[in-house]
Amino acid sequence: MNLSDHPFFVWPFVAGMAFLCIYLPAVYLKWLRKTSARDRKKISAAIFSVKTIRAIREIFSECLLHRRIFRFNPTLGYMHMSLAFGWFLLIVVGKTETMLYTRDGFNPPYLPVFFKYFYPDHIPANFKGLFFLTLMDLLLLFVLSGLTLAIFKRFKSKFLGMKKSTRHILPDRIALTFLWLIFPLRWLAESLTSGVYNAGGFFTLSSGRALASLLPAEQLLLPAWWAYSIALGGFFVALPFSRYMHIFTEAALILLKHWGVKTTQRANGYTDFEIHSCSRCGICANVCQLSADAGINHSQAVYFLRDLRYNRLQPETAENCLFCGRCSAACPVDIQVDDIRLQQRTNRANRCAPAIRRPAAQLPGTPETGGVLYFAGCMTHLTPSVKEAIRTILNRADVKFSILDEAGGICCGRPAMQAGFRQQAESIIQQTTEMILRSEASLLLVSCPICYKVFNEEYQLPIPVKHHSVFFKELAAAKPELFKNSRKRITYHDSCELGRGSGIYEEPRELLRRVAHLVPTAHEREDALCCGGSLANLAISPAQRDLITDTAYEQLIAPAPDYVVTSCPMCKKTFSKGKRDIPVVDIAEALQMALTPEEKPVRVKVGKKAEVLA
Amino acid sequence: MYQHNRYQKGKPQQVAVVGAGVAGLSAALTLKKQGVGVVVFEKDESPGGHLQQWHALFPDREPAAGVLDLLKQEVSEQKISLRTQTEVAAVTPSGDKFRIETSQGEQNEFDAVLLATGFQLFDAARKEEYGYGIYQRVITSAGLEQRLGHGGTGLTVNGRPPHRVAFVHCVGSRDEKVGNHYCSKVCCVTGVKQAITIKEHFPQCEVLNFYMDLRMFGTGYEELYREAQEKWGVMFIRGRVSEASQMYDGTIQLKAEDTLMGRPVRATVDWLVLLVGMEPEKRAQLWARSLGLRTGQAGFFSSPEKFLHPSLTTVNGVFTAGACTGPASIPESVSQGRAAAISVLEFLAKKDEAGK
Amino acid sequence: MKPANDKWGFRAEGSEQINLDKADSSLYRRLLNREPGFAACLFCGSCRATCTSGNEGMNFRLAHLLLQRGETARLKSLTDPCLLCGKCTLVCPRNVNIRAVVYNLKIMLHEPF
Ligand SMILES: Cc1cc2nc3c(=O)[nH]c(=O)nc-3n(C[C@H](O)[C@H](O)[C@H](O)COP(=O)(O)OP(=O)(O)OC[C@H]3O[C@@H](n4cnc5c(N)ncnc54)[C@H](O)[C@@H]3O)c2cc1C
Ligand code: SF4
Ligand code: SF4
Ligand code: SF4
Ligand code: SF4
Ligand code: SF4
């Protein structure tokens, strides 16, 4: 074959491909230059290390096989896999077939794509040839099956485990139209060619014969190849402007992630990679309680990322999110969308709240302690039974402790941070740090997961920080005689901040199994529901919150427990709103109920005073 | 309207009264005096409803026991058939009658039913921030009535009189956080009355009332408020208490805003009294709903003709009176009971007419 | 120049009087647009009482009154100390979304329209 006599129809494909080959590296380079110098140093240090190999393994399993989507729903996983992996194999196998056939390793890129056109009467002379023909047909079928599912999903998303499909914007629609056309057109062009030349694989040959008997195949042949090439070229040109940009960007993101680049407080080039890696698969919107319960359908991760990408983000979209983390946990691309949201909030709000500077004299006096310092947190002031239960248990266990915020509320700083008031939050953190340090405590005990998370992640404290569920688990293991099993039937609610936020799932359960009969619920651990009380959402209305709370509560009481246990004062307060038949208690209260009866010290009368007999 | 003799000809018609509080008993007495057969069902051991729990009544601080005794006396004089310790578990229509089923499983038919199931006190433990059930010296207004009983000894602290007592108005009422948006109406005046009673027992004790609005709706209530200020020196602070905590010596520290001063207040008290509101009787509500009775937003029974025939319900032949129709004082509950009795009589007369 | 109403030796300007004729309620209306439930506030003061920054001058109740009366001068100093901890929202008897109102107010005070 000779280049000069090849027909013009390959040009749309070649042009599209050339465009991609120039455009993609250019934008990626631009984003890389926007990352910090530290990130770039990290990249150059890691690029020739095992990290890259690990990244490639992940690229293979996520970008091609879509393992995480499989876990979410096998049919949906198959749909994504057949399109991505099927197409990938078509390219690889096609290239190999062409190389073997032409005995030329450096054939032009369009040759494998339009192989059938250039070698229409290629009749396999040997087993190897037959193998390739059959394989290529099988692969085409594989891709077409995925495509059928995709089309089906657009109209009946429930079938693929999705409550609804994401809404598309114009560039997506254009790219989608080209994409949907590519493989049917390929099949048509190959079939017609097979029909005309009476040669081909089992699938294209049989469909080709049928077509040739019905249609003027010879005249249609070239137009079909043109159409196929235009679909390909059109798709390539539309790709960077549509959601399909994720195909390549996701791979780049995986590499960067493995090289140690992380989402930062401020948006930078890495954020661009993250934003463009979203495939708009809609899995996040599907697990989001805002849409499931409260009828809010514009602010989910998928829409937030989309609006941000196309520069049309409304502040309200960034604000209307619970930061519950359900979407990040389910996202097959593992995009840290909460962090990106926070960047946007901070951009807008940071300057609107001044740093807090309370004169030291006005700060609540710090108790001196060498032992455990308990930080109750603002919310716990409204749930005094939690504080009292902790006090009782610590006293019973002879733990030396003092309470940091007994006299008045001190804020941990996290709510301000979540709202984007970064400088204010930092000033609060600094102040509270000073108070903690002054106490010379050896351990900070926290009963509020919201505080716990920020103490862990933003405070640089020289002492360990423990959530009370973990602290008490260890205490109960060390002093089992203090507790008995009440045999009460209970369910456990994983709060967002302790569960998905801090990864503490097992300790509270272990503790609860010791003191009661813990029964499972429909949504546990990573999949736990948000109580709806989250401070992170700045736009939701109280009535919408209540809808979320009611659903979450229904799930928790479905197994008919005697009571529901949580380990967050905020969740407890949220659930106790309105009229609830089954009470929600904190894990400390559950533990307090399980305390063994105290042995009364023997008292004897000595004169007028009663004295304790040891 | 009714003709006394008509009922004496044949077998008198039978009316079931559910609840032997002041409303139910007043209605039963009126009906009985008109010759109708009445059976009063009461789930408690004794009649009187909530009146039994009160020490002295607003607005005149008349001893509750006296009022209760008079009522009971009349009930026994009239030989009202009173079935105590018998909770009504269901009311179902049966032909042109109503079948009453008790929790013991007994069933009887009646020509008409009058519901006077009253109210239940708001469970103060649901307002966790006030510490009821957690701190010993946080009590409710109902609990205070009992402590006021024996010369106020229930309020002494380690044998000494209390130094300071604070009342929190609107606990469980006007509070969307507990799902009760309505005003319970009687707690303001109860708070004023109880404040005075404390001063009577312990003149040295300082009494603070934390309120959002003072609703002195009835005859003599405003005068009582004035007396509390002028004669007894009760201090009224406009601000809702947000939370309370216990100090090491067992006293209670509360937080509020003095909204008229515009500054936060903090006060340590020997007792914190929560003026708990009224909620509809939950269990009665359940079966009443399956009978088809309409309740208003707050869950109290409501009449389809609330201006002219307040005791009617959406079910013909079923009537309501007293605090089950919404927060009410004793005189109001009594009047409602008597008014409902008249409506029952009218209904029976009509039924009798039709039966002829 | 002597102000016209200096008859009694003091001026109406700068006086204590709330002048509803001159009230500018545009900010209040914008906020209400964002958080309609906030009009239900009955000025009970619980939000201030529970407020983590209540002793530092944070006063939502007063801020709301000033907004309603169209006096915006003191709003910033009255809301600056708020840490957005959210306690107020949990105690409000009228279910006002206080924290969200304060957040939006802070932003609006910095983003004049
Ligand atoms: C703290 C407080 C103090 C008060 N002090 C005063 C005061 O000083 N002066 C004043 O005028 N008013 C006072 N009141 C108001 C007064 O208590 C009520 O007006 C009055 O009790 C209402 O009477 P009732 O008969 O409608 O209901 P209740 O007194 O509640 O009686 C209802 C009765 O029905 C019974 N019952 C309910 N369901 C069933 C069932 N299914 N089967 C059988 N029986 C049933 C109950 O056991 C109860 O005995 C006070 C209220 C409160 C909360
Ligand atoms: S954020 Fe993740 S889950 Fe959501 S649409 Fe994008 S890729 Fe899918
Ligand atoms: S963090 Fe939660 S509320 Fe926010 S978008 Fe994700 S799932 Fe929805
Ligand atoms: S009567 Fe007074 S205390 Fe009771 S709910 Fe009404 S306003 Fe509140
Ligand atoms: S707590 Fe609610 S009702 Fe009370 S002053 Fe604050 S906003 Fe208004
Ligand atoms: S959110 Fe602001 S106004 Fe509300 S309690 Fe916290 S600091 Fe005070």
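In table form, for the structure just shown:
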{"read-out": "Top-ranked residue of segment B:127-160 - restricted to ones that are among the basic types (Lys, Arg) and over 22 Å from the mean Cα position of the chain (by Cα), ranked as most open to solvent (accessible area, probe 1.4 Å)", "value": "B:Arg160"}
{"read-out": "Conditions (1) charged (D, E, K, R); (2) away from chain B (no Cβ under 11 Å); (3) touching a residue at least 12 places away in the same chain (Cβ under 8 Å); number of the one not met by C:Arg48", "value": "(2)"}
{"read-out": "Identity of the residue in segment C:72-85, open to solvent by 10 Å² or more (accessible area, probe 1.4 Å) and more than 9 Å from chain A (Cβ to nearest Cβ), that ends up nearest to ligand 5 (Cβ to nearest atom)", "value": "C:Leu78"}
{"read-out": "Subset of segment A:189-200 (residues that are buried (at least 23 other Cβ atoms within 10 Å of the Cβ) and not β-branched (Val, Ile, Thr))", "value": "A:Ala189, A:Glu190, A:Ser191, A:Leu192, A:Ser194, A:Gly195, A:Gly200"}
{"read-out": "Failed criterion for A:Arg489 (all others in (1) touching a residue at least 24 places away in the same chain (Cβ under 8 Å); (2) over 17 Å from A:Glu589 (Cβ atoms); (3) among the basic types (Lys, Arg) hold)", "value": "(2)"}
{"read-out": "Selection from segment B:107-126 of residues that are away from ligand 4 (no atom under 16 Å from the Cβ) and open to solvent by 70 Å² or more (accessible area, probe 1.4 Å)", "value": "B:Gln107, B:Glu109"}
{"read-out": "Residue that is nearest to the chain's Cα centre (by Cα), among those in segment B:219-239 that are open to solvent by less than 20 Å² (accessible area, probe 1.4 Å) and away from every other protein chain (no Cβ under 14 Å)", "value": "B:Tyr221"}
{"read-out": "Number of the exception - B:Ser184 against (1) more than 13 Å from ligand 1 (Cβ to nearest atom); (2) part of a loop (DSSP other than H, G, I, E, B)", "value": "(1)"}
{"read-out": "Subset of segment C:61-71 (residues that are in contact with a helix residue (DSSP H, G or I) (Cβ under 7 Å, 6 or more places away or on another chain) and either at the interface with another protein chain (Cβ under 10 Å from one of its Cβ atoms) or among the polar types (S, T, N, Q) (or both))", "value": "C:Arg61, C:Leu62, C:Gln68"}
{"read-out": "Which numbered condition B:His201 fails, given (1) open to solvent by 60 Å² or more (accessible area, probe 1.4 Å); (2) more than 25 Å from B:Val265 (Cα to Cα); (3) touching a strand residue (DSSP E or B) at 6+ places or on another chain (Cβ under 9 Å)", "value": "(3)"}
{"read-out": "Answer residue from segment C:86-96, given it is open to solvent by less than 10 Å² (accessible area, probe 1.4 Å) and not basic (Lys, Arg) and is nearest to ligand 6 (Cβ to nearest atom) among those", "value": "C:Gly86"}
{"read-out": "The listed residue being touching a residue at least 40 places away in the same chain (Cβ under 8 Å), in contact with a helix residue (DSSP H, G or I) (Cβ under 6 Å, 6 or more places away or on another chain) and away from ligand 5 (no atom under 12 Å from the Cβ), out of C:Asn104, C:Asn95", "value": "C:Asn104"}
{"read-out": "A:Asn286 vs. criteria closer than 25 Å to C:Arg34 by Cβ and away from ligand 4 (no atom under 16 Å from the Cβ)", "value": "no"}
{"read-out": "Contacts under 9 angstrom Cβ, first residue in segment B:167-188 being within 16 Å of ligand 6 (Cβ to nearest atom), partner among the aliphatic types (A, V, I, L, M), 6 or more apart", "value": "B:Lys177/C:Leu90; B:Lys177/C:Val91"}
{"read-out": "All positions within segment A:309-330 that are assigned to a loop (DSSP other than H, G, I, E, B), under 16 Å from A:Gln289 (Cβ atoms) and out of contact with any Lys or Arg (no Cβ under 8 Å at 6 or more places or on another chain)", "value": "A:Asn320, A:Leu322"}
{"read-out": "Residue in segment A:297-308 that is among the polar types (S, T, N, Q), away from chain C (no Cβ under 11 Å), surrounded by fewer than 21 Cβ atoms within 10 Å (Cβ to Cβ) and part of a helix (DSSP H, G or I) present", "value": "no"}
{"read-out": "Pair list, Cβ under 8 Å, 6 or more apart: segment C:70-86 residue of a type in the set (A, V, I, L, M), other residue in a loop (DSSP other than H, G, I, E, B) and within 16 Å of ligand 5 (Cβ to nearest atom)", "value": "C:Leu78/C:Gly57; C:Leu78/C:Met58; C:Leu78/C:Asn59; C:Leu83/C:Thr52; C:Leu83/C:Ser53"}
{"read-out": "Given (1) within 14 Å of chain C (Cβ to nearest Cβ); (2) part of a loop (DSSP other than H, G, I, E, B); (3) touching a Phe, Trp or Tyr at 6+ places or on another chain (Cβ under 9 Å), index of the condition B:Met261 fails", "value": "(3)"}
{"read-out": "Residue ID - surrounded by the fewest Cβ atoms within 10 Å (Cβ to Cβ), chosen from residues in segment A:557-596 that are part of a strand (DSSP E or B) and within 14 Å of chain B (Cβ to nearest Cβ)", "value": "A:Tyr563"}
{"read-out": "Those helices (runs of 4 or more DSSP H) lying entirely in segment A:92-183 with at least 1 residues more than 25 Å from A:Phe13 (Cβ to Cβ) and open to solvent by 20 Å² or more (accessible area, probe 1.4 Å)", "value": "A:127-155"}
{"read-out": "Matching option when the condition is under 29 Å from A:Leu138 (Cα atoms) and outside any helix (DSSP H, G or I), among A:Arg266, A:Arg209, A:Arg280", "value": "A:Arg280"}
{"read-out": "For A:Cys281: the one exception among (1) out of contact with any Phe, Trp or Tyr (no Cβ under 8 Å at 6 or more places or on another chain); (2) near ligand 3 (Cβ under 6 Å from one of its atoms)", "value": "(2)"}
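Every residue, every condition in (1) over 29 Å from B:Lys282 (Cα atoms); (2) open to solvent by 10 Å² or more (accessible area, probe 1.4 Å), yes or no:
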residue	(1), (2)
B:Gln13	yes, yes
B:Val17	no, no
B:Val22	no, yes
B:Leu31	no, no
B:Gln53	no, yes
B:Leu68	no, yes
B:Leu71	no, yes
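The values are calculated or read from the model by the stated rules, or taken from the named source; none is laboratory data. Remember, predicted model here, so these are calculated numbers, not experimental data. Here Cβ is always computed from backbone atoms with ideal geometry, including for glycine, and neighbour counts include all displayed protein chains. Quick note on the areas: whole protein, heavy atoms, side chains included, nothing else; ligands and nucleic acids left out. Shrake-Rupley method; radii C 1.70, N 1.55, O 1.52, S 1.80 Å.
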